Amino acid sequence: MQLQLGDTVDGVLTVSLIGRLDTPGVDEIETPLTAHLAPRAARAMIDLSQVTFIGSGGIRMFITIARALGRRGGKLVLYSAQPLVAQVFDTTSLNTIVPVCADATAAAAAARG
Amino acid sequence: MQSRRVEIRFPGTHHGFAQGFARLLGALDAAGLEGASRYNAELVFEEIVDNIVSHGAVDGSELEVRVTLEVRPDSIILTFDDNGVPFDPRGIPDPEPPKSLEQARIGGFGVMLVRRAAHSLDYLRTAGGRNLLTVQVERAGATL
């Protein structure tokens, strides 16, 4: 599991996740991702186009990070999820509490909003 | 097309989970599985074995997990056999859809995902004190 930190544009941080958000993947990425986003109360958009798998641990991680950011005045937005990953968001209703956008343009608008 | 059957044994630890999962991926590769049915098979393994490793041990006892993967022309059968505490996922209700980010539960999604991924679930607590869970995942036209 890899974490790539992108540019900050108009106050919105971009992060790309690469790999599998299974239990080992979440164990690997959750602490550095939270440490990068939470202390700065980030408005952040996470590119999921290279995430090939997500299980319940990944859902739990995104809820936890989104809640931590929301409490500090930040916001978490996810975008470009592959179809099977997007189906997990739909099944768990994650997409009703965390914005899941089709592309980077929509995600940037949602993160600023 | 004949069915393929692979047995994967590992200790019910986080390290064992990783070893077992790597073997599952190898077996799915060897069977040429891809797309939604493969995703569903991986998801079922991930959620069930994570649950056994995280919650199955009694008083520090050692957990032993045996997973059998059988790939049939029309379905994938995963059988989970473990010596952990009794756990019948069929009786676990789905979590309520979250009303807000603040009120959302952060757990309870694993069994829900298994139920959506599976065509059928069968559970038996054996006389020898083992959980025997059989999960059938459809191959054709699979959706999550």
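Of all the residues in region A:4-19, those that are under 17 Å from A:Val85 (Cβ atoms) and out of contact with any Gly (no Cβ under 9 Å at 6 or more places or on another chain) number 1.
Taking region A:1-32 as the range and being among the aliphatic types (A, V, I, L, M) and assigned to a loop (DSSP other than H, G, I, E, B) as the test, only A:Met1 passes. Against the conditions (1) under 24 Å from B:Ala41 (Cα atoms); (2) within 11 Å of chain B (Cβ to nearest Cβ); (3) crowded, with 16+ Cβ neighbours inside 10 Å, A:Gly19 satisfies every one except (2).
Any residue at all in region B:104-118 that's without any contact (Cβ under 8 Å) to a residue 60 or more places away in the chain and touching a strand residue (DSSP E or B) at 6+ places or on another chain (Cβ under 8 Å)? Yes, some residue in region B:104-118 is without any contact (Cβ under 8 Å) to a residue 60 or more places away in the chain and touching a strand residue (DSSP E or B) at 6+ places or on another chain (Cβ under 8 Å).
Within region A:22-32, being under 13 Å from the mean Cα position of the chain (by Cα) and either closer than 7 Å to A:Met1 by Cβ or of a type in the set (Ser, Thr, Tyr) (or both) holds for one residue alone: A:Ile29. Remark: pairs (first residue in region A:10-39, free of Cβ contacts under 8 Å to residues at least 24 places away in the same chain; second residue surrounded by fewer than 17 Cβ atoms within 10 Å (Cβ to Cβ); Cβ separation under 6 Å; 6+ apart in sequence or on different chains) = A:Pro24/B:Ala18. Selection of first residues in region A:89-101 that are facing chain B (nearest Cβ under 7 Å) and closer than 17 Å to B:Asp94 by Cα and of second residues that are of a type in the set (Lys, Arg) and surrounded by fewer than 21 Cβ atoms within 10 Å (Cβ to Cβ), restricted to Cβ pairs under 6 Å at least 6 apart or on distinct chains, gives the following pairs, ordered by first then second residue: A:Thr91/B:Arg116. Taking region A:33-59 as the range and being more than 21 Å from A:Ala107 (Cβ to Cβ), more than 9 Å from every other protein chain (Cβ to nearest Cβ) and in a helix (DSSP H, G or I) as the test, only A:Ala35 passes.
For the condition touching a Cys at 6+ places or on another chain (Cβ under 7 Å), within 14 Å of another protein chain (Cβ to nearest Cβ) and not in a helix (DSSP H, G or I), A:Val77 qualifies. Taken together, the criteria exclude B:Leu113 from residues that are more than 14 Å from every other protein chain (Cβ to nearest Cβ), within 12 Å of the chain's Cα centre (by Cα) and either in a loop (DSSP other than H, G, I, E, B) or buried (at least 18 other Cβ atoms within 10 Å of the Cβ) (or both). Scanning region A:89-113 for residues that are over 14 Å from the mean Cα position of the chain (by Cα) and buried (at least 22 other Cβ atoms within 10 Å of the Cβ) yields a single hit, A:Thr92. Each residue in region A:68-101 was checked for being out of contact with any helix residue (DSSP H, G or I) (no Cβ under 9 Å at 6 or more places or on another chain) and within 22 Å of A:Thr8 (Cβ to Cβ), and 4 of them qualify. Of all residues in region B:44-87 being out of contact with any Asp or Glu (no Cβ under 9 Å at 6 or more places or on another chain), among the charged types (D, E, K, R) and in contact (Cβ under 8 Å) with a residue 24 or more places away in the chain, which is surrounded by the most Cβ atoms within 10 Å (Cβ to Cβ)? Here the residue is B:Glu47. Criterion applied to B:Ala104, B:Ala30, B:Ala41 was being crowded, with 20+ Cβ neighbours inside 10 Å and more than 15 Å from the chain's Cα centre (by Cα), and the one residue passing it is B:Ala104. The lone criterion from (1) touching a residue at least 24 places away in the same chain (Cβ under 8 Å); (2) under 25 Å from B:Arg130 (Cβ atoms); (3) surrounded by 14 or more Cβ atoms within 10 Å (Cβ to Cβ) left unmet by B:Arg90 is number (3).
Every number here is computed from the coordinates shown, using simple stated rules; none is lab data. Quantities reported herein were computed from a predicted structural model and do not represent experimental measurements. Here the Cβ is made from the backbone with ideal geometry for all residues, glycine too, and neighbour counts use every protein chain on show.
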